[in-house]
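One structure is given here, and the rest of the page talks about it.
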Amino acid sequence: MAPPGTATATADPDRVALAEIELCGELMIAASAADGERLSDDLIDEVLRVEPA
């Protein structure tokens, strides 16, 4: 699920790209701070601000 405002067909491509870069950065920060080799699915969802279905 994309963050609010990034999933619309009329969204500005630069704005979408910046949002994606920000999310990748947040994932890298979370991964570097996490214990173990991998992030759990729940932690990834939390970092990406995915709402439970």
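The values are calculated or read from the model by the stated rules, or taken from the named source; none is laboratory data. Note that the structure is predicted; figures quoted are calculated from it, not measured. Because the Cβ atoms are built from the backbone with ideal geometry, glycine has one as well, and the counts that use them run over all protein chains shown.
Any idea which of G36, G25 is at pLDDT 90 or above, of a type outside the set (A, V, I, L, M) and surrounded by fewer than 13 Cβ atoms within 10 Å (Cβ to Cβ)? Step through it out loud before you land on a result.
Values: G36 fails: at pLDDT 90 or above.
Every option except G25 fails the conditions.
Report, by residue number, each residue of the range 24-38 that is over 20 Å from V50 (Cα atoms) and among the acidic types (D, E).
D35, E37
Counting only residues that are part of a loop (DSSP other than H, G, I, E, B) and closer than 14 Å to C24 by Cα, how many does the range 36-49 have?
Total satisfying the criteria: 3.
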